[in-house]
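Just below is one structure, and these are the notes that go with it.
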Amino acid sequence: MVCIKKRFFNSNRLLLVAFGLWPDEETIFARFQATLCCSLLISSIVFQFSRFFIAECNFDFIVRIFSSTSFFVVLTVPAILFWIHLKTIKRVLNQLQYVYDRLKDRNEIAIYDKYGYIGKQITTLVIIGLVCTLCGNSVIVYWSYVFDIVVPKNESYTIRTMQFVTKYFKISEKYYFLVLVHLNAACSTGLIILVGTGTMLFSYFKHVCGMFEIASYRIEQAMAIELLHNFDIKNRIVICRKMICAIDIQRQAMEFTKYFISSIEGSCFIMILTTVVCLSCNLFQIFQIESPMEEVEQVLLHLSAVSFVLTILFLSNYVGQEVTDHSNHVYVITYNVSWYLAPLHIQKLILFLLERSNKVFSLNVGGLFTASLECFATIYCMYLSYFTFMYSMQ
C-alpha cells in the first residue's frame with residue numbers, strides 16, 4: 001500500500017517535526033516542542049506590544065510597531081493553528097489516504113499522483129527559497145559581528161546595526177543584541193513553520209483538485225459513445241456504477257473541503273485582517289522614510305515584509321481559484337457529454353448532477369471572503385485604501 005504522507009508530504013514532515021507540529025508525532029516531547037515554539041513566537045509579539053507602555057509613543061512609532069508586530073502575527077497564526085488542530089490535520093491526511101486506497105483504475109491513480117507531485121514540486125521550490133532567505137538573513141544580521149572578530153578595527157562594524165535596532169524599538173543599547181537574537185530566532189522559526197504548514201495546505205487542496213478531475217474522468221467514461229450506442233443490461237449497470245462513483249468522489253471532495261475550512265475559518269479570518277494591517281503599515285513606513293539611500297536596511301525590511309505577505313495572499317487565493325475551476329469543470333464535462341443518447345432514467349440522474357454542479361463551489365471563509373484571484377484583487381485594493389487613508393492623516 002502506498003503511503004501518501006511519505007510520497008507527497010515528507011518534505012513538510014521534515015520542516016514540522018522539529019517543532020512538534022507533525023500530526024503523527026503526538027508525544028509528550030512533541031507537545032513540549034510545540035509549546036516552546038509557540039511561546040517563542042508569542043513572546044516576540046508581546047515584547048513589541050510592550051513598547052507602547054514603556055517607550056514614548058507618537059503616530060509614527062505606533063505605525064512602526066504595528067508594521068513589525070503584524071508581520072510576526074502572520075508568522076505565529078499558522079503555528080498556533082496547527083498546534084490546536086493537530087487532530088483535524090491528521091484526519092484530513094487520513095481522508096486523502098482513504099481516497100487513494102480506493103482508486104483501482106490506473107488512469108485515476110495517475111491523475112491523483114499528478115496533482116500530488118505538483119504540490120510536492122511547489123513545496124520543494126518554496127523550501128529552496130526558504131533556505132536562501134534564511135542564509136541571506138543570517139549573513140545580513142550577523143556579518144558585522146563576524147567581521148569584528150576576523151577583521152577588527154577601531155570602529156566596530158556593529159554600530160550601524162545597534163543604532164538601527166535601538167532607534168526602531170526605542171530600547172537601551174545594552175539590550176539591543178538580546179532583542180536582535182530574540183526577534184531573529186522568532187522570525188526564522190515562524191518562516192519555517194509557515195512554509196511547512198502553508199505548502200502542506202497547498203498540497204492538500206491540489207489533491208482536492210485531483211479528486212474533482214477524477215470525477216470528471218469518471219463521468220466521461222460512464223457516458224462513452226460505445227456504451228450509449230450498445231445500451232444493454234450490462235452496459236446500463238456499468239454506466240450507473242460509474243456515475244455513482246463519479247458523484248461519490250465529487251461529494252467527498254466537497255465534504256472534505258467544507259469540513260477543513262469550517263475548522264480553521266476563525267484563524268483564516270484573523271490571518272486576512274492581519275495581512276491587510278501588515279501590508280498597509282509596512283507600505284506606509286516605506287513612504288515615511290525621508291532618505292531611502294541612507295536607511296537602506298529599513299527600506300529592505302519593510303519591502304521584504306510587503307513582498308512576502310503579498311506572495312502568501314496570492315498563493316492562498318490561487319489555490320482557492322484552482323479548486324473552484326476544477327469544481328466548475330465537472331459541470332462543463334457533465335454538460336458536454338452525449339447525455340441525450342442515454343435512456344431517460346440516466347438523463348434524470350445527470351440532471352440532478354447538473355443542478356448540483358451549477359452552484360459554484362469555493363473556499364469560503366465565514367461568508368465574507370472567498371479564496372479566488374478576485375478576492376486577492378479585493379484585498380490588494382483594500383490595503384491600498386488603508387495606506388492612502390493613513391498617508392492622508394499624517
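The values are calculated or read from the model by the stated rules, or taken from the named source; none is laboratory data. Everything numeric here is computed off the predicted structure, so don't read it as measured data. Backbone-built Cβ (ideal geometry, glycine too); neighbour counts: all protein chains shown. SASA here: full protein model, heavy atoms, side chains in, ligands and nucleic acids out. Shrake-Rupley method; radii C 1.70, N 1.55, O 1.52, S 1.80 Å.
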- Note on the structure: Rounded to the nearest 10, the angle in degrees between the Cα long axis of helix 86-102 and the longest principal axis of the Cα atoms of the chain comes to 30 degrees
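Counting GluC sites (Glu not before Pro) as exposed when in a DSSP loop with at most 15 other beta carbons within 10 Å, what is the longest stretch of the chain free of them? It would help to have the intermediate numbers written out before the result.
On the way: sites that count: Glu26, Glu56, Glu155, Glu290, Glu294, Glu295.
Between exposed loop sites, the widest span is 156-289.
If you roll a 1.4 Å probe over region 4-393 with all protein chains in place, what percent of the accessible area is carbon or sulfur? Please list the in-between numbers first.
Working: 12790 of 19630 Å².
About 65 percent, which is the carbon plus sulfur part of the accessible surface.
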- Degrees, to the nearest 10: 159-169 long Cα axis against longest axis of the chain: 70 degrees
- lysines within cross-link reach of Lys174: Cα-Cα under 23 Å, excluding same-chain residues under 8 positions apart? Lys153
- Message: Testing the spin-label approximation: label points 7 Å from Cα along Cα→Cβ at Cys381 and Phe53. State their distance in nm.
- Response: 4.1 nm
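Add -39500 (n - 2.57) for each DSSP H run of 4 or more in the chain, then divide by its residues: what number comes out at 222 nm, to the nearest 500 deg cm²/dmol? The partial results should precede the final answer.
Numbers: 13 runs with 322 residues, N = 394.
Result for the chain, helices only: -29000 deg cm²/dmol.
So if we plug the beta-carbon distance of Leu344 and Lys234 into 1/(1 + (r/R0)^6) with R0 = 22 Å, what FRET efficiency do we get, rounded to 0.05?
Details: r = 19 Å, r/R0 = 0.86.
The formula returns an efficiency of 0.70 here.
Select from region 153-216 those trypsin sites (Lys or Arg not before Pro) which occupy a DSSP coil region and have at most 12 other Cβ atoms within 10 Å, ordered by residue number. Could the numbers behind the result be given before it?
Numbers: sites: Lys153, Arg160, Lys167, Lys170, Lys174, Lys206; in loops: Lys153, Lys170.
Answer by residue number: Lys153.
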- Query: Which shape class applies to the chain: rounded if a/c is under 1.5, otherwise prolate when a/b exceeds b/c and oblate if not, where a ≥ b ≥ c are the square roots of the Cα gyration tensor eigenvalues?
  - Reply: prolate
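What percent does the relative contact order of the chain come to when contacts are Cα pairs within less than 8 Å and at least six residues apart? Present the calculation step by step, with values, prior to reporting the outcome.
Details: 388 pairs, mean separation 83.1, N = 394.
After rounding, I find 21 percent.
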- Query: Highest GNM mean-square fluctuation, the chain, Cα pairs closer than 10 Å: which of Ile122, Ile237, Ile261?
  - Reply: Ile237
- Treat each spin label as a single point 7 Å out from the Cα along the C-beta direction, and report the Thr388 to Gln288 distance in nm. 2.1 nm
- Item | Of the trypsin sites (Lys or Arg not before Pro) in region 63-148, those whose Cβ has at most 13 other Cβ within 10 Å and which sit in DSSP loop | Lys104
- Message: What do you get for the angle between helix 344-357 and the principal long axis of the chain? Use alpha-carbon atoms, 0 to 90 degrees, nearest ten.
- Response: 10 degrees
- Potential lengthening between Thr27 and Met162 on full extension [0.36 nm per residue; Cα-Cα distance subtracted]: 44.5 nm
- Once you've got the GNM for the chain with C-alpha springs shorter than 10 Å, pick whichever of Cys281, Cys240, Cys209 has the biggest mean-square fluctuation. Cys240
- Message: Rolling a 1.4 Å sphere over the protein heavy atoms, what is the accessible area per residue of the chain, to the nearest Å²?
- Response: 51 Å²
- Message: My understanding is that a pair violates if its Cα-Cα distance is over 27 Å; which of Lys5/Lys234; Lys6/Lys258; Lys206/Lys234 do that in this structure?
- Response: Lys5/Lys234; Lys206/Lys234
